[in-house]
């Protein structure tokens with residue numbers, strides 16, 4: 001049985017953060033730590049230990065759980081370890097994400113970007129949802145790149161998400177007519193599915209609060225690691241963050257963490273909101289706003305994962 005979020009926050013209350021070892025995830029883990037125990041979920045045990053030590057050095061509490069969001073078997077194992085901790089789970093931040101310029105496959109043979117950003121985060125949330133406290137906040141990191149009309153992305157020749165179906169996306173297939181920049185169609189489409197899912201789950205499950213955040217053009221996120229598109233890394237990591245009008249959307253991991261942390265710890269009960277880099281409600285693409293499309297993404301994702309190895313069956 002789930003527990004109710006208590007107020008005020010206590011150290012035993014726990015906030016789960018995926019991808020907490022660098023960039024926005026690390027900054028948010030440090031931001032949220034004063035509010036309760038931070039459960040750090042990432043692939044690298046050594047880096048997790050470093051972040052845990054850093055949090056504990058500030059007098060707060062953290063727990064490390066090894067989990068690879070691209071691998072559903074790892075996702076299930078990590079979720080079960082978190083449940084076994086027996087802590088009141090009052091927040092979940094689905095932050096882990098990649099934007100790879102090289103074709104890569106997950107352990108299940110799916111497109112790595114789509115598997116990490118959408119399928120893994122969705123499965124992780126589905127497994128944990130029954131164990132989250134009443135009123136818990138679930139936050140998804142989306143991206144305005146999913147919107148074909150978003151000015152900064154459009155100016156760079158990006159054409160938004162290229163969704164065909166969840167199954168096609170898992171195979172690495174995108175609607176024709178996308179951008180020529182490697183990795184962008186996969187990333188934009190995964191983030192469309194992330195946003196649509198968050199909004200659908202907010203309508204479907206009133207016991208929990210589901211929101212999404214667009215962190216802005218943020219330097220220091222290291223999306224994709226060594227496989228990140230070098231042009232995108234330069235444009236979004238430096239140039240677009242300082243040149244108007246793109247700088248209007250600029251942020252840093254620390255600034256993003258303040259916004260994300262406030263949404264993750266928000267006691268107001270807001271749900272179904274898409275926040276921009278300054279914490280203001282924003283509107284995504286026309287497709288992402290369509291409730292029928294939102295429900296379609298959730299239904300297709302559940303159906304796909306139902307029969308997936310290590311998935312939700």
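Read-outs throughout are calculated quantities, based only on the coordinates presented, and are distinct from any laboratory measurement. In this text the structure is predicted, and so the values were computed from the model without any measurement. No Cβ is skipped: glycine too gets one built from the backbone with ideal geometry, and neighbour counts run over all protein chains shown.
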For this session: Evaluate E = 1/(1 + (r/R0)^6) for residue 49 and residue 80, where r is the Cβ-Cβ distance and R0 equals 25 Å; express this FRET efficiency to the nearest 0.05.
Result: 0.75
Exercise. Ranked highest first by the average count of other Cβ atoms within 10 Å around their residues, in what order do 264-273, 93-102 fall?
Worked result: 93-102, 264-273
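If you count the DSSP beta bridges with both ends in the stretch 14-306, what percent of them are antiparallel, to the nearest 5? Could the numbers behind the result be given before it?
Working: 3 of 31 bridges.
In the stretch 14-306, approximately 10 percent of DSSP beta bridges are antiparallel ones.
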For this session: Provide the gained length on full extension for the span residue 283 to residue 164, in nm with one decimal, where the gain is 0.36 nm per separating residue minus the Cα-Cα distance.
Result: 40.7 nm
Seminar exercise, completed: Rounded to one decimal in nm, the spacing of the 7 Å Cα→Cβ label points at residue 103 and residue 180 is 1.9
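Which FRET efficiency value, to the nearest 0.05, is calculated for residue 306 and residue 155 with the Förster distance at 35 angstrom and r the Cβ-Cβ distance?
Details: r = 40 Å, r/R0 = 1.16.
Efficiency at R0 = 35 Å is approximately 0.30.
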